[in-house]
1. Across region 252-286, which residue is surrounded by the most Cβ atoms within 10 Å (Cβ to Cβ) among those that are at positive phi and within 17 Å of the chain's Cα centre (by Cα)?
2. Please determine whether any residue of region 39-59 is among the basic types (Lys, Arg), assigned to a loop (DSSP other than H, G, I, E, B) and on the phi < 0 side of the Ramachandran plot.
3. Provide a single number: the residues in region 287-315 that are assigned to a loop (DSSP other than H, G, I, E, B), open to solvent by 10 Å² or more (accessible area, probe 1.4 Å) and free of Cβ contacts under 8 Å to residues at least 40 places away in the same chain.
4. Which is surrounded by fewer than 16 Cβ atoms within 10 Å (Cβ to Cβ), in contact (Cβ under 8 Å) with a residue 12 or more places away in the chain and within 16 Å of Gln105 (Cβ to Cβ), of Asn158, Asn164, Asn176?
5. Could you count how many residues in region 34-60 are open to solvent by 40 Å² or more (accessible area, probe 1.4 Å) and either under 21 Å from Thr352 (Cα atoms) or aromatic (Phe, Trp, Tyr) (or both)?
6. Could you list, in sequence order, all residues of region 224-256 that are among the charged types (D, E, K, R) and either touching a residue at least 24 places away in the same chain (Cβ under 8 Å) or in contact with a helix residue (DSSP H, G or I) (Cβ under 7 Å, 6 or more places away or on another chain) (or both)?
7. When the residues of region 88-109 are filtered to those that are under 13 Å from Thr63 (Cβ atoms) and free of Cβ contacts under 8 Å to residues at least 40 places away in the same chain, which remaining residue is surrounded by the fewest Cβ atoms within 10 Å (Cβ to Cβ)?
8. Restricting attention to region 240-294, which residues are of a type in the set (Gly, Ala, Ser) and over 26 Å from Val138 (Cα atoms)?
Amino acid sequence: MRLLVLFSAAFLTMMSAAPQDVLSTVDLPPGFRIAFFATGIPRARQLALAPDGTVFVGTKSDTVWAIRDLNGDFSADSRIRLMGGLNSPNGVAFHDGDLYVAEIQRLQRLSFSRNDYTQVASASTVIDGLPRDILHGVKYIRFGPDGKLYVPQGMPCNVCEPSNDIYGTIMRMNPNGSGREIIARGVRNTVGFDFHPVTGELWFTDNGRDRLGDNRPPDELNRLSKPGLNFGFPYVHGASLKDPEFGARAPDITFTPPAQELGPHVAALGMRFYTGDQFPARYRNQIFIAEHGSWNRSVPIGYRITLVELSGNRAVNYSVFAGNFLHLPGGRGRPVDVLTYTDGSLLVSDDTRGVIYRISYSGE
């Protein structure tokens, strides 16, 4: 109850100021602006988009939402509670007219009435019986260009060796849950991934372990060039940092280093290739990452949207795109996921403030 009161107080403080004042501390490149797209969505997490512009929002509470901008002013004016009573339904993915929802231990498929994506006609279980660990147990899900559903299973610890073959992996499966296979191992906790618009390769963020000091290890941006790669956890972190406890116990296999080391403890979560055409051409097919922000670093880091620029399959630059959500009036903002919206703008969910921002470009 106390947490709810604190959240409500922070949210009311935020909304008591003019919207422009609330977001005035966010640093953006010239020509970009940020505004509220939707408010009042507690613990908003992963975003997914339907063909008609409906935005689905998974949460770290018990509810999945559908929000819509009915009058075309780029501010949501409809908020529908699709389903409640769920176990941290963080993951949402839209595929062939259905919405797939990932709880900690279960994936469901929601079917809709007459292509109205706010009216659930039925719900069916795709898979059940996944580990129920709360730590690193929430799921981020996507459908790949191969039509398969990709699902991670994080490690249930800060640092440890997997006690079950499923931990520390990324899986893929058919839409009905059949044909499940593990395609990546040595992944501590990915809560964001996307597929390269040209090559179709899977790229994903991974959160580094805690309690090695303020400045190590880095979080990671990884590239899965082929199924079966191992990305090193818990034996090696980043490109070459051996774990002080497990490094000497590493199996005699080749570990795949990250495509880009990210900041230490930034909590890199949702990531997307930008596929719109509103932003300048330099951003197309480049990677935006939502950095949720550190929770135990002596000087906070993250709380921003970063940009990783690629040349072919190589990351060549890592920089801040939208910074300083840490110092928003009324309390810090914590970005979780990013999504290219129908007009080419960028939507950003924030689970601490229960809002979705919209970043747009006008060139003015």
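The values are calculated or read from the model by the stated rules, or taken from the named source; none is laboratory data. Keep in mind it's a predicted model, so treat the numbers as computed, not measured. Backbone-built Cβ (ideal geometry, glycine too); neighbour counts: all protein chains shown. Heads up: the accessible areas ignore ligands, DNA and RNA and are worked out on the full protein's heavy atoms, side chains in. Shrake-Rupley method; radii C 1.70, N 1.55, O 1.52, S 1.80 Å.
1. Within region 252-286, the match that is surrounded by the most Cβ atoms within 10 Å (Cβ to Cβ) is His265.
2. Going residue by residue through region 39-59, those that are among the basic types (Lys, Arg) are 43, 45.
Narrowing further to those that are assigned to a loop (DSSP other than H, G, I, E, B): 43.
Retained after the next criterion (residues that are on the phi < 0 side of the Ramachandran plot): none.
There is no residue in region 39-59 that is among the basic types (Lys, Arg), assigned to a loop (DSSP other than H, G, I, E, B) and on the phi < 0 side of the Ramachandran plot.
3. So the count comes out to 5.
4. Step by step, each of Asn158, Asn164, Asn176 is checked, and only Asn164 is surrounded by fewer than 16 Cβ atoms within 10 Å (Cβ to Cβ), in contact (Cβ under 8 Å) with a residue 12 or more places away in the chain and within 16 Å of Gln105 (Cβ to Cβ).
5. 4
6. Passing the criteria: Asp243, Glu245, Arg249.
7. Kept after step one, since they are under 13 Å from Thr63 (Cβ atoms), are these residues of region 88-109: 88-90, 92, 101, 103.
Add one more test, that the residue is free of Cβ contacts under 8 Å to residues at least 40 places away in the same chain, and what stays is 89, 103.
Values: Pro89: 30, Glu103: 22.
Of everything passing the filter in region 88-109, Glu103 is surrounded by the fewest Cβ atoms within 10 Å (Cβ to Cβ).
8. Within region 240-294, Ser240, Gly247, Ala248, Ala250, Gly276, Ala281 meet the criteria.
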